[in-house]
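The values are calculated or read from the model by the stated rules, or taken from the named source; none is laboratory data. Since this is a predicted model, take the numbers as computed values, not measurements. Note: ideal-geometry Cβ built from the backbone for every residue, glycine included; neighbour counts use all protein chains shown.
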Amino acid sequence: MKTKKITYAQAIAEAIDEEMRRDKNVILLGEDVGILGGNFKATVGLYEKYGEWRVKDAPISENSFTGLGLGAALTGLRPIVEIMFGDFLMLAFDQIGNQAAKIRYMSGGQAKVPLTVRTTLGGGRSSAAQHSQSLQSLVCHIPGLKVVMPSSAAEAKGLLKTAIRDNNPVIFFEHKMEYNKTYEVPEEEYTIPFGIANILKEGKDITIVGTSNQALKALQAAEELVKEGIEAEIIDPRTLVPLDKDTMINSVKKTGRLLIVDEGYERCGVAGEIAMSILKDIFYYLDAPIERLTTANYPLPFSPALEFPIIPDEKKIYQRAKKMVIG
Amino acid sequence: MENKFKPIKSYGLDKEKILKMYQDMLKIRYFENKITDFYSKGLMPGLAHLYIGEEAVAVGVCANLTERDFAVSTHRGHGHLIAQGADLKKMMAEVLGKETGYCHGKGGSMHIMDVSKGILGANGIVGAGIPIATGSAYSAKVRGTDQVTISFFGDAASNQGTFHESVNMAAAWKLPVVYVCENNLYGISVDIRKVTNTKDIATRAKAYNIPGVAVDGNDILEVYKVSQEAIERARKGEGPSLVECKTYRWKGHHVGDPGRVYRSEKEFEEWKEHCPIKTFHERLIKEKISSEKELNLIEKDTKKMVKEVADFAIQSPYPNEKEAYEDLFAEEGRS
């Protein structure tokens, strides 16, 4: 397969561009998505190409422009709404949680909601407590939403194209620390289906499930673990709703150990949910208790001296996995 | 509340249209009387928010719509849905939680939709339909159609952020939407005059540089005329308007609320005298547009229709419990 080197932000812009070209009903709406090309430069060039009605700079009204996207989705368009920081999801939560998630169900299957809400997660930029959270567990909690957590640029591109084509509301989390990183991305057009986890590396000693870019950090940790004689199997679930439990179950049956890494908070979080959702199927195969590595249950602090210690990274994954395998 | 009406003939409507508007108001009134009856007999699960007393607003506005237009309703939605031509049988069955209802028993009174008729749904969250209506208008603009969307909401919803955020966007982008505020004076028990320093909600339009008109919401022909101007303006691409219809709900906030603790008997009686149906009936006779005999026949037919609707709903089965697991995502379930 022929590949090219582009950034994660460029991969996002390419996915949107290809889908806007393919379907004239795809529109993009959000704060600074137009002339500026997105706060994270993930929509560069689209405004010039598709004009101000298909690429709309919205006022600072997250709840209502999300609702506007929903109303447009109900009446023939296929909108992509950008919520600049995942933290701002809370401003739009009525339209996401009470409206978009439920309209199809409440209407007895009459309504179709092809709405993609792109947003961000992740700390590491000294942005403090209101611009650094990873709130995927909040949306996973609401039935009726699909939830996507891509890892690399290639994954983000293929999964975003699938999200845009989906006839349901999809919440798509992009990691802020990834936007400027360069990755190999296939030249040819492709999509990645929802609900199929990606095994990044096979191994026999421990299964490490990492969401978003924690899958890539787990892969880095795995390279170090090899030096200790530990073969880690790394799984990227790609989508949290739907969740590919089988791939994780089969992996743990083989390795006997499970570490789940997610940048969300620990309490009522994604890591705990993944563990519990497969526990019954892996219980008798476990050689050690399941462990989770998450962000501590505190607001994200500003100073790098405080922020990095409370979020998971490759070093912490390495240490925890090593401890789980060799004590 | 004075009854100041202009001659019916001055509105230039044909008799057939006038009588249809009269009958649509009756449909709403009788449909909801039946709901009150079901509730008092314990035949209805949950609650429903009744529109009785406000019928002229929904019918007056929707009489201007074409089949391709859209409207977004509220928690007090029966009137809007009926005025838009929803199927009464499917509506009543849904109110009773039956399999034959619009939503197969999953929505109830507050979530009835008929997407095929442009009825984008009642809504359980106050003010939440306003951005959805704005998006429907945005969609029409992008798709290049001349469809107009009506956004119905109450006085209390005009204090939600969604109202201000949405009207702001629609005004900035000249979207084909008409915001219809039904000012029935109370948000559950709270008098709008105690929580809002604006005599007419319509004046809020000034803040967004769009037309805002307050109208007697119990005068069906004034509602028709004022909303017609706003709809035509939207259709021509000249942008949104705010129409405030001053009206009154006769019942409490919902079927289980007597609605008297927070409202005076005098106020209630005055508004009852200004009944949108009774006053229109009197005008039709007085101005010799119709006769008692003709109107009585319409009333009798409508009563019969609603009785059939009620019988259908009562006789319909409850959904199988498997229904609870249908329709979450588009690739599953029926459609």
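Can you name every residue in segment B:146-158 that is more than 9 Å from chain A (Cβ to nearest Cβ) and either within 19 Å of B:A122 (Cβ to Cβ) or touching a strand residue (DSSP E or B) at 6+ places or on another chain (Cβ under 8 Å) (or both)?
Within segment B:146-158, B:V148, B:I150, B:S151, B:F152, B:F153, B:G154, B:D155, B:A156, B:A157, B:S158 meet the criteria.
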- [ ] Select from segment B:166-201 the residues that are closer than 22 Å to B:G77 by Cβ and assigned to a helix (DSSP H, G or I) and write down the one among them that is nearest to the chain's Cα centre (by Cα).
- [x] B:I201
Task: The listed residue being closer than 30 Å to A:P289 by Cβ and surrounded by fewer than 20 Cβ atoms within 10 Å (Cβ to Cβ), out of A:Q220, A:Q214 - done: A:Q220
- [ ] Considering each residue of segment A:38-58, count those that are part of a loop (DSSP other than H, G, I, E, B) and either among the hydroxyl-bearing types (S, T, Y) or without any contact (Cβ under 8 Å) to a residue 12 or more places away in the chain (or both), and give that number.
- [x] 1
- [ ] Give me a count of the residues in segment A:169-207 that are touching a residue at least 60 places away in the same chain (Cβ under 8 Å), farther than 30 Å from A:G69 by Cβ and within 17 Å of the chain's Cα centre (by Cα).
- [x] 0
Task: Residue match in segment B:209-226 (condition: under 20 Å from B:H75 (Cβ atoms), crowded, with 21+ Cβ neighbours inside 10 Å and touching a strand residue (DSSP E or B) at 6+ places or on another chain (Cβ under 7 Å)) - done: yes
Task: segment B:106-131: number of residues that are in contact (Cβ under 8 Å) with a residue 12 or more places away in the chain, in a loop (DSSP other than H, G, I, E, B), crowded, with 24+ Cβ neighbours inside 10 Å and within 7 Å of chain A (Cβ to nearest Cβ) - done: 4
- [ ] Look through B:R143, B:R204 and report the one residue that is modelled with pLDDT of 95 or more, at negative phi and at the interface with chain A (Cβ under 8 Å from one of its Cβ atoms).
- [x] B:R143
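Could you pull out every one of the strands (runs of 3 or more DSSP E) wholly within segment A:72-190 that has 2 or more residues that are of a type in the set (F, W, Y)?
A:170-175
Out of all the residues in segment B:72-96, which are over 10 Å from the mean Cα position of the chain (by Cα) and either under 24 Å from B:G135 (Cβ atoms) or at the interface with chain A (Cβ under 9 Å from one of its Cβ atoms) (or both)?
B:G85, B:A86, B:E94
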- [ ] Look through segment A:1-16, keep the residues that are surrounded by fewer than 17 Cβ atoms within 10 Å (Cβ to Cβ) and not in a strand (DSSP E or B), and return whichever of them is nearest to the other protein chains (Cβ to nearest Cβ).
- [x] A:M1
Open item on the list: Please determine whether any residue of segment B:254-266 is at pLDDT 95 or above and crowded, with 20+ Cβ neighbours inside 10 Å.
Closed with: no
TODO: Check A:L121, A:L138 and return the single one that is in the same structural domain as A:I16 (by TED's automatic domain parsing), in contact with a Gly (Cβ under 7 Å, 6 or more places away or on another chain) and modelled with pLDDT of 95 or more.
DONE: A:L121
Task: Wholly within segment A:200-288, helices (runs of 4 or more DSSP H) carrying at least 2 residues that are among the hydrophobic types (A, V, I, L, M, F, W, C) and under 25 Å from A:L135 (Cβ atoms) - done: A:214-227, A:270-282
- [ ] Please verify whether segment B:97-105 includes one or more residues that are outside any loop (DSSP other than H, G, I, E, B), modelled with pLDDT of 95 or more, within 20 Å of the chain's Cα centre (by Cα) and not basic (K, R).
- [x] no
